[in-house]
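Trainee: Quick one: the structure is below, questions incoming.
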Amino acid sequence: MGQGRRALVALLSIAVVIVLAMAIDEGLEVAGAATKMGRALWAEDVGDQAKIALGGGPDSSDGDAAVSLAGEQTGIEAVPPWFEEELFSLGGAKSVRVSGGGGVVGFSCAHSTESEFSQIEGELTRKGWVESETGIEGCSVFVKEGGVCLWAMVSCVPMGEGSSVVVQCAISED
C-alpha cells in the first residue's frame, strides 16, 4: 500500500472517529455527521480532507473557517489545563480545535508526520503512558492508570507542508 493511500486511510479513520465522537458527545443528528463525513470524503486532497474533518473548509488556509461543529471551541486557550500536564506540550500547534470538554483535540503543525508523532510518543512514554500500536503508521493508542485522562488515541497525518494531529481521550469520571 503506497504512502498516499496509507495517509488517506489514516485520515479517513481519524475523520470517522472525530465525527462519531462529536456526534455522540454533542448530540448531533446522524444525518449531520454523515453529511460532514461525506464532505471530507469528496474533498480534492488529503489537506482539504483534514481541514474539513477538523471543522474548517477546503478554502480555509488555517482550518478556522466554515463547517463549525456544535460545542467545538477553537484556539490554544480552549485546551483543558490537564492536557499538557498529562499528555504532551502543544508548542507550535496551529488551528487548535477542542470538543467534548477536551475529549477530542485537533491541531496542525509545521513538523513532518514522523517527527511530530515521534516527539509526542516520546513525551507520553516519559510520562508513564504505555503504547499499543494500531497497525496504522502515525497512529497509536496510549493507556495509563490514574489522572484525568486514562486512554488516548494519537493520530498524525500529512497535511500540506506539515501535519495534522488528532488526539481522542477517554476522560476519567472521577
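The values are calculated or read from the model by the stated rules, or taken from the named source; none is laboratory data. Computed from a prediction, not measured in an experiment: that's the story for all the values here. Virtual Cβ from ideal backbone geometry, glycine too; neighbours counted across all protein chains shown. Surface areas here come from the heavy atoms of the whole protein model, side chains and all, with no ligands, DNA or RNA. Shrake-Rupley method; radii C 1.70, N 1.55, O 1.52, S 1.80 Å.
Trainee: Separation between the Glu84 and Trp151 pseudo-spin-labels, each 7 Å from Cα along Cα→Cβ, expressed in nm?
Mentor: Distance between the two pseudo-spin positions: 2.8 nm.
Trainee: Before I look further, what does region 88-139 give for accessible area per residue, probe 1.4 Å, in whole square angstrom?
Mentor: Values: 2280 Å² over 52 residues.
Spelled out: the 1.4 Å probe surface of region 88-139, per residue, equals 44 Å².
Trainee: Computing the accessible area with a 1.4 Å probe over protein heavy atoms, can you report the carbon and sulfur percentage for region 127-174? Working shown, then result.
Mentor: Numbers: 1210 of 2370 Å².
Accessible surface attributable to carbon and sulfur in region 127-174 totals 51 percent.
Trainee: Based on the alpha-carbon set only, what is the convex hull volume of region 68-111 divided per residue, in Å³? Show your work: numbers first, answer last.
Mentor: Values: hull volume 3.1 nm³, N = 44.
So the per-residue Cα hull volume is 70 Å³.
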